[in-house]
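The values are calculated or read from the model by the stated rules, or taken from the named source; none is laboratory data. Worth saying up front: this structure is predicted, and the values here are computed from it rather than measured. Using ideal geometry, Cβ is built from the backbone for each residue, glycine included, and neighbour counts are taken over all protein chains shown.
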Amino acid sequence: MRFRVSHTTEYKYAVPASESFAELRVWPQTNASQRILNRRLDITPAAKVDHYVDYFGNHVEFFTIPHRHNALTVTSQTEVETFAVEPPTAALDLCVGEVRQIFNSMRYQLFEFLEPSYHVPLNQHRRIRKQFFKQADSYGDALRTLYTWIYENFKYQSGATDISTPIAEVVRQRHGVCQDFAHLMLAILRSNGIPARYVSGYIEAYDPETTDPALIGAAASHAWVEVYLPGGTWWGLDPTNNQAVGERHIEVAVGRDYRDVAPMRGTYKGATDQRFNVIVSLERTKQNT
Amino acid sequence: MRKLDEVRLKVDPFRGFHGGGASAVFDAEGSARAPYAPIVDVIRSCSPGDLNQRQQRLDFAVEELGLQFSDVSSSRSSANPWGLDLFPLSLSAEEWQLISTGVVQRALAFNAYAQDVYSQQNILRQRVIPHDLALRDPAFLRPLSGIEVPEGEYSQFGAFDLVDAGEGDWRVVENHMGTPFGLSHVLQNRRILSQVFPELYERVDVAPVAGFSTYLLEMLRAQSARANPHILLLTSGQPGQAYFEEAFIARHMGISIAQSSDLLVRESRVFLKTIRGLEPVDVIYRRVESSALDPIAVPNANVFGLPGLINAWRQGNVAIVNAPGAGVTDNRALLRYSDRIIGHYRNESPILRAVETFHLSDVDQREYVSEHREDLVLKPMQDHDMLWQICGERPQNSAASLARIVRKHADYFVAQSIPEPAKLPRFKEGEFSARGGYLRVYYILGKEPIVLPGGMVRQKVSGHRTRRLTIATDGLKDVWVPDSVVQDSAPKRPPAQMGERFSISSRVAESLYWAGRYLERAENTARQFHTLERLRWDQMAHAEQRTYWPLLQAVAAATGQSDVTKRKRPPRDTLPLSKSLLLDANEGASVRACISYARNSLERVREVISPECREVLEDITLYLNAEAKRPVSRARLAELCAHMVSELARFNGTAERTMPHDDTWQFYRVGIFFERAVGALAVLKVAMPRVVEAYHEVDEESADLTALLRLLGCLDAYRREFRSRAYVDRICSLMLQAKHVPSSVNFCLRNLDYAIGTLSYSGARALGSDLSDQIHGLLQVLADFPLAQSPMDEVGWLDAGELPPKSAQHSAEFVGEAFAGLAEQVEALHERLEDIFFSHQDVFAREPTLFGLE
């Protein structure tokens, strides 16, 4: 499938800001399940943009605006083609005990994705985590059971939480948004010795052909989880939508948790009084065959 | 008595030290070993009284220096954690050769480790060391991976702590390769000991240490291809020992100190904000932890840092020493694998071994540690803020509190079995006792690595101190290396000609400006109270008191006490008011508060303040703190005012004589003149309308006008100028227009203009000319001021039956408004100064209540 994604972040300052500096992680990945057809980044006021690849392989763009400005707008427009990629069934058929053994032998390669991280503390909620990943379970089933459990036991409630809400609070309230579910799922996975990482991206919320409004996460950045499969692939799982990641997900950045992938992180000098707005639009485009 | 002294002389001063056994200093027969023989001889030739006296002089010298880094000076002695012992550590040529080759080997191996961990991680892939030690290190910052560091030299300047396990078996206790601390102590220890005890150095050729800072500077210069690179020392700016050292090193190297807020990144280049705009920076000597450098590259809620710095560095547009991330080399868990690391990267066997170290993430080692708890020292993997953030707490000052954190977060801790250090004589209370210590040795890498021939010994204390940048110690020792082993190495780069000079940063300029203003304010208030107190307020009749009340009100108003100006009558007892305006630390503009603001402003730019100035200010602070605790009386306050006036004059005299009269100095002067002008107008604004109201020409001698002149510090000037009794318009002319009277607004503005004129700002930012125009405009306003129309130069006659003063024609209200308007115009200069020279700065000293003159 082909999509055109536009991701705009706008800041409006009550008092003119100066010395703005920001790093962006809004450049979609190129991998087996997607490729970039074209892409442009626009910044107003105009600024020279530089670029590097970070520790997790994400493309990072950054810029400075030293002079005074009242507003800052960053728009990333990308056309992406996605492909349905089936996970290797052989890996999913292994039992949990076996995959644990494999992961144990790869602790160095998988270190970051088994350790606690800033938003993902481990070894809390012993009772919850003990429910999952019994030694004899099939790995694939155990993973599906986990994301379905989150989907069924947590209510998606936009605005109920923000990025500073700790997992413990989400567990207590039983509601949250996609990044909370992703962090929670990471905590349960890592506590069980399953290597997993955080993914930021976009999702096509409504299928234009069936007009199924059930997919949540509309018109905003989305977040989900990838787990490591023996054999060397990462498999995307979306607990917010109770499904494995498919053609309608567009992957942007990966990391230990939200901190490693924040789409825009910046500073400016000026009054703290700012309004900011994020607009993401995503539309399916015609396949040119 | 004489007889007793003679007996004492025959007693060996070392009797309490060696007790007959062999030691690092004496052999089994009791004769001094070669490196110590000259020291032992000199000391044995001194009488006990002489030794005591030398130690006292050492203590005194150190204490004087300690003043420089003591925090708020409640008492001098308790704030100083630095002591210096008169018996040095002396190394033989062979020992030093061993140590210095071992130090270089180790520095190179651990540098290679840092480079590897931030790139391929081969040492982990090949399982030479357990991967979790490296990957769990809080100093390992993943965002710094994949950045090319020139020559792979992460730590170009570093240090190691060594311990002599006996017979010159030196072992490494700790790496200090990230931000080595203590160089200033090395230099100062040598300077002080050789001054206090020159005889020690007479018979031995000790390698000099004074060149250390030059080597460091040359290394920093070599980081940039430019002929005259702009080098800065980046500090966190926190007052304390670390800042003392930074100021000291920066002064020795002649480079400036910057905090991250002084810098700006623009299109991946780093600039310093200066009074002349933005100046590009080429080399940063970093004294800030890597994780606090750039809040965008390494998200850390607790610090500001410089956004974009890491990207500028990544692009090779600025050199940073030591490279960000270098702290991974200090990971104590690696000490256990020192030999493997040296073998892996250097393919050599280790020259210096590390002390036995256990890391608690390993089950077996943890078990061993818990069984041998008594013999081991617990330490965190890193003395790194990030580690305590992960643990969620810092240990309190007890072993139990540390042990509790260790139980919860064992992965982040190590235990060391540190051998009892070889003992050296330590002089205390008249005799030598035996005390072990740790030797810190410094290296500088580059084409030809240098190990600085000397160092310092920290005498042993129990337990581990977790504050990284402190030298908490039970005394330091100088370290001697024979000069013969030091090969003369050519400078790494020929000294460049003096290039363009670099501007002072806006923050430095602003701090000096505010210091000038606060000190002038304090001086004004003290002098004005002194004048008022000399009028003997308490002995006045009530009516008389009412006559003087406007003057007291004026002073109070100038000090920001606007409530007082609304009172029609004086309070029965003005003593509490006086006390609060002089001594109340919480009263925003009291003399004491002003001194404290000035001191805080200057503390932040200690590198540009002469030690002499600092000493005077310290005296003043201590004096005021002590006075504030004593019961007040009128006499005491009068004495305090007089003392403050003379002390502040001493400060200005000292500053004038000891500080370079450069741009920094000019901003101090700008502050003084601006404040003096504003202060004079604040008094005039309140006093004049009341004076006009009460003014009767028929008065024989208008007493309160004389007092006003005295208050304004220009009674003599008035008499010299007019040779008449005081008239309102003449006072106004004098105060507003006189060219040579230091209290006059004209004088202040012209000097301010002059000070700004010396800054030689030019080019695209010729903003100063606009400022100069503004000042000239103000001088014209002064000349045209309605109340002061008698031209100064025409007053050449003796006073006799002249015309009635014009001021009589004006209402009090008119006078009040005229002065208020004038004051406002002069105060507006501040905004211009700020816009032109300081903008973007976050200033501590800007205290809104102080300058809110209503």
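Brief remarks follow.
- Residues that are touching a residue at least 24 places away in the same chain (Cβ under 8 Å) and more than 26 Å from B:Leu233 (Cα to Cα) within the stretch B:597-632 comprise B:Val616, B:Asp619, B:Ile620, B:Thr621, B:Leu622, B:Tyr623, B:Leu624, B:Asn625, B:Glu627, B:Ala628, B:Val632, listed in sequence order.
- In this structure, B:Phe304 qualifies as more than 30 Å from B:Met456 (Cα to Cα), within 14 Å of another protein chain (Cβ to nearest Cβ) and in a loop (DSSP other than H, G, I, E, B).
- Residue in the stretch B:337-355 that is within 14 Å of chain A (Cβ to nearest Cβ), surrounded by 24 or more Cβ atoms within 10 Å (Cβ to Cβ) and in a helix (DSSP H, G or I) present: no
- Residue in the stretch B:372-388 that is within 14 Å of chain A (Cβ to nearest Cβ), assigned to a loop (DSSP other than H, G, I, E, B) and modelled with pLDDT under 95 present: no
- Each residue in the stretch B:130-166 was checked for being surrounded by 17 or more Cβ atoms within 10 Å (Cβ to Cβ) and either away from every other protein chain (no Cβ under 11 Å) or part of a helix (DSSP H, G or I) (or both), and 24 of them qualify.
- Residues that are more than 14 Å from chain B (Cβ to nearest Cβ), at pLDDT 90 or above, touching a Gly at 6+ places or on another chain (Cβ under 9 Å) and in a strand (DSSP E or B), drawn from the stretch A:1-47: A:Tyr11
- Which listed residue is part of a helix (DSSP H, G or I), of a type in the set (A, V, I, L, M, F, W, C), away from chain A (no Cβ under 14 Å) and more than 30 Å from A:Val53 (Cβ to Cβ), from B:Ala227, B:Ala250: B:Ala250
- On inspection, B:Ser184 fails the criterion of being at pLDDT 95 or above and more than 14 Å from every other protein chain (Cβ to nearest Cβ).
- Some residue of the stretch A:34-52 being small (Gly, Ala, Ser) and within 20 Å of A:Ser221 (Cβ to Cβ): no
- Number of positions in the stretch A:86-122 that are part of a loop (DSSP other than H, G, I, E, B), away from chain B (no Cβ under 14 Å) and either among the basic types (Lys, Arg) or within 25 Å of A:Asp257 (Cβ to Cβ) (or both): 1
- Residue within the stretch B:568-589 that is closer than 30 Å to B:Glu64 by Cβ and surrounded by 16 or more Cβ atoms within 10 Å (Cβ to Cβ) present: yes
- Tabulated pairs, the stretch B:651-676, first crowded, with 24+ Cβ neighbours inside 10 Å, second of a type in the set (Ser, Thr, Tyr), C-beta under 6 angstrom, 6+ apart or interchain: B:Phe667/B:Tyr513; B:Val670/B:Tyr513; B:Gly671/B:Tyr513
- On inspection, B:Pro299 does not qualify as away from chain A (no Cβ under 14 Å), part of a loop (DSSP other than H, G, I, E, B) and surrounded by fewer than 23 Cβ atoms within 10 Å (Cβ to Cβ).
- Applying the criterion of at least 1 residues that are at pLDDT 75 or above to the helices (runs of 4 or more DSSP H) found wholly in the stretch B:501-606 leaves B:506-534, B:542-558, B:575-583, B:591-603.
- Scope the stretch A:20-42; condition over 21 Å from A:Thr285 (Cβ atoms) and touching a Phe, Trp or Tyr at 6+ places or on another chain (Cβ under 6 Å); matching residues: A:Ser20, A:Glu23
- For the stretch A:155-170, the set of residues classified as in contact with a strand residue (DSSP E or B) (Cβ under 8 Å, 6 or more places away or on another chain) and touching a residue at least 40 places away in the same chain (Cβ under 8 Å) consists of A:Tyr156, A:Ile167, listed by residue number.
- Checking each residue in the stretch A:48-85 for being under 19 Å from the mean Cα position of the chain (by Cα), within 10 Å of chain B (Cβ to nearest Cβ) and crowded, with 16+ Cβ neighbours inside 10 Å picks out A:Asp54, A:Tyr55, A:Phe56, A:Val60.
- Note on the stretch B:253-266: among residues that are in contact with a strand residue (DSSP E or B) (Cβ under 8 Å, 6 or more places away or on another chain) and within 14 Å of chain A (Cβ to nearest Cβ), the one that is surrounded by the fewest Cβ atoms within 10 Å (Cβ to Cβ) is B:Arg266.
- Selection count, the stretch A:226-245, where residues are within 25 Å of A:Leu110 (Cβ to Cβ) and under 14 Å from the mean Cα position of the chain (by Cα): 11
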